[in-house]
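The values are calculated or read from the model by the stated rules, or taken from the named source; none is laboratory data. Bear in mind the structure is a predicted one, so any value in this text is a computation, not a measurement. Counting neighbours? That spans all protein chains shown, and the Cβs are built from the backbone with ideal geometry, glycine included.
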Amino acid sequence: MSKTIESINTKIAAGKARIVRADEMTRIVRERGARRAAEDVDVVTTGTFGAMCSSGVWLNFGHTDPPLRMSRVWLNDVEAYAGVAAVDAYLGATQASTAVGIGYGGAHVIEDLLRGRPVVLRAVSRGTDCYPRKRILTEVRLEDLNFALLANPRNGYQRYDAAANSGSETIQTYMGKLLPRLGNVTFSGAGELSPLNNDPGYRTVGIGTRVFLGGAPGWITGPGTQHNPETGFGTLMVQGDLKAMSADFLRAAFMPGYGPTLYIGLGVPIPVLDEEVAAAAGVSDADISVTIRDYSVSSRNRPGLKTASYAELKAGMIDLNGRTVPAAPLSSFHKAREIAETLKQWILDGEFELTQPAASLPRRAQVRPLEMRRPTNGASKRSGDYGGRKVATGGRGKNVKESEAGANTEAAAEARGQCGNGRQNNEAASLWNEGQCFHCGACLSICPSHVFRRDADWRVTADEALCNDCGRCDGVCPAGALAKNGGAP
Ligand code: SF4
Ligand code: SF4
């Protein structure tokens, strides 16, 4: 027999669906077999609650008056990335405070916001004609923000290696404190409760799947970064509205010696479509193995010491090199079960409908290491040549000294065999680089000589013969397609 997500939603709406947690499904499949389990169970809920360093929030602060284009932003002295639009920023969970160091970071700011605490917002700008303000210092709460999106590029790890330390000294890592001479083992993940372990072939979990995220509904938006399904290391990219979340399922943490990180609760529903899905969701801790790696080796290829199942690891003691050593999780199984149970209740209460994925997760992907190479493109601040791209000089904003900007423009023009103020020194040089033009149309309203025209399809062309060298188009072209753009083409 087989079911569809639609038919399961109909059963849920009628109050006739049977929902179980993944750990309950393990027992059901073991006792009754996958075929009967597929008949009896409609949805399996999973859960995981672990440190997600690869996470953060997209924030929109709204505009001040006069407005400011934030070029650098700090929240409680933790810098957020502001290389986007005027009042948007991305605050990464592991970013450390510039004032107090690694004991407080982006994750703590996120939790403080979630708990309704005031956060000091500081931002600076170089000032532009459209955004003249140069600095602000204020206080914001989550409710003041227009937008706060928890964006987690990598979560739901299908598998994560365990850690030990064969060295002679204790080391502090993102896998926690590792005692010398293989004194302990730490591990992560939720084993049989973990989302992708219950659907390792991505039969039901895909892009657009609605999930539990941080205590609120969220979404799978794609494969996670470093998604590597062929080696069993699939991951999920997820996002959700921070304002709807709960600090019960989103907690800042600090790994001594490493820095801040954010614990995020994720739960994924698995619709039991058929016997194959049921069999996969019947996975047990004994079926899932990870490699215990030696973190004393400073290499991306840390040697494996042995393979162990979650059943062995969760037993609390494990044999390693002839000794029995303690093994402890970094993720919370308690929270993972609570998440799976909460999601189960949401579905039973009719508060959470299952969604059909818009697309499947990739079943093939390659994760390459970063190779260290000597740069060959001469990229440097001085040359302004980044792999063949000519950088528009004189474009550093209002606080660039006029003389400096002029010198840069002239130097760039000289390099092109042109005069920085026009074409009089090289009449043969092209005004307009058609290949560089992306037809935005910004030049159309500028030129008094009607050099630039567009067709019905908004394709821009230039009749250079009409140009009288007035210079008004200097600094107009965002694509660097005009000779008067301070550097290009
Ligand atoms: S402004 Fe530049 S990119 Fe835009 S249409 Fe004109 S030449 Fe093309
Ligand atoms: S220099 Fe003046 S006339 Fe020539 S293209 Fe630019 S705006 Fe038009």
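Here are a few things to note about the model shown:
- Just so you know, in the range 439-465 the residues that are under 13 Å from Pro478 (Cβ atoms) and among the small types (Gly, Ala, Ser) include one that is farthest from ligand 2 (Cβ to nearest atom), and it is Gly441.
- Screening Thr204 with (1) out of contact with any Gly (no Cβ under 7 Å at 6 or more places or on another chain); (2) modelled with pLDDT of 95 or more; (3) part of a strand (DSSP E or B) gives one miss only, at (3).
- Flag for Ala428 being in a loop (DSSP other than H, G, I, E, B) and at pLDDT below 90: yes
- So Val367, is it within 16 Å of ligand 1 (Cβ to nearest atom), β-branched (Val, Ile, Thr) and either modelled with pLDDT under 90 or surrounded by 10 or more Cβ atoms within 10 Å (Cβ to Cβ) (or both): no
- Subset of the range 229-249 [over 17 Å from Asn198 (Cβ atoms), more than 16 Å from the chain's Cα centre (by Cα) and not acidic (Asp, Glu)]: Thr231, Lys243, Ala244, Met245, Ser246, Ala247, Phe249
- Test result for Leu431, within 11 Å of ligand 2 (Cβ to nearest atom), surrounded by fewer than 17 Cβ atoms within 10 Å (Cβ to Cβ) and among the hydrophobic types (A, V, I, L, M, F, W, C): no
- Residue under evaluation Val211, criteria (1) part of a loop (DSSP other than H, G, I, E, B); (2) modelled with pLDDT of 95 or more, criterion not met: (1)
- Residues within the range 119-151 that are within 18 Å of Leu91 (Cα to Cα) and of a type in the set (Lys, Arg), tallied: 2
- Lone qualifier among Gly116, Gly106, Gly101 - being of a type outside the set (S, T, N, Q) and buried (at least 20 other Cβ atoms within 10 Å of the Cβ): Gly106
- Tyr90 meets each of the listed conditions (1) within 22 Å of Pro153 (Cβ to Cβ); (2) in a loop (DSSP other than H, G, I, E, B) apart from (2).
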